Amino acid sequence: MPDAAAEPGTAAARDAAEEKSALSHPAVEPDSTAGYGDHPDQVIDFYLPRGGAGPGEAAPVVVVLHGGSWRAPYDRRHISPFAGFLARRGFAVASVEYRRGAEGPGAEGAGGDPVAGRWPDTFDDVAAALDALPELVRQHLPRADAR
């Protein structure tokens, strides 16, 4: 097998194909959504477990953080097929959205791309979401183990 590093463009083409594949799946709508802060991006999507736990058994909660290099175009919608997959396997899923990318005029980096990160906003949002999660799980995922 030839060395990919020796073939110009091979790694870049592979990366582009992987990104296209990951972002090509249709979004899966959550069962409910709840806010954990005042900003429109401070929300958690909840996916009820389908199957898995037996009668009277609580489903484990999986928290999904979508990634996306903290850039504004990438939000929880692109990871929703994975959240739906986990829910179909019997997990209760909490998919956390958070502030990402810069806002306002002149907030673009080179090439007009949104500047990555919102330090410390992104990390503060994830911490706030996890703090709010036990109560929100009780409200939105009644068959889940909030621990």
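What follows draws every value from the coordinates through simple rules; no lab data is involved. None of the values given here were measured: they were computed from a predicted structure. Every residue, glycine as well, gets a Cβ built from its backbone with ideal geometry; the counts of neighbours run over all protein chains shown.
Which distance in nm do the two modelled labels at ALA58 and ALA128 give, with both placed 7 Å along the Cα-to-Cβ direction?
Here the answer is 2.6 nm between the modelled labels.
Compute the length gained on full extension between ALA27 and ALA13: take 0.36 nm times their separation in residues and subtract their Cα-Cα distance, giving the result in nm to one decimal.
2.6 nm
Out of residues 5 or more away from VAL64 or on other chains, whose amide H comes under 5 Å of its own, with H placed 1.01 Å from N in the peptide plane?
Amide H neighbours of VAL64: ALA94, SER95, VAL96.
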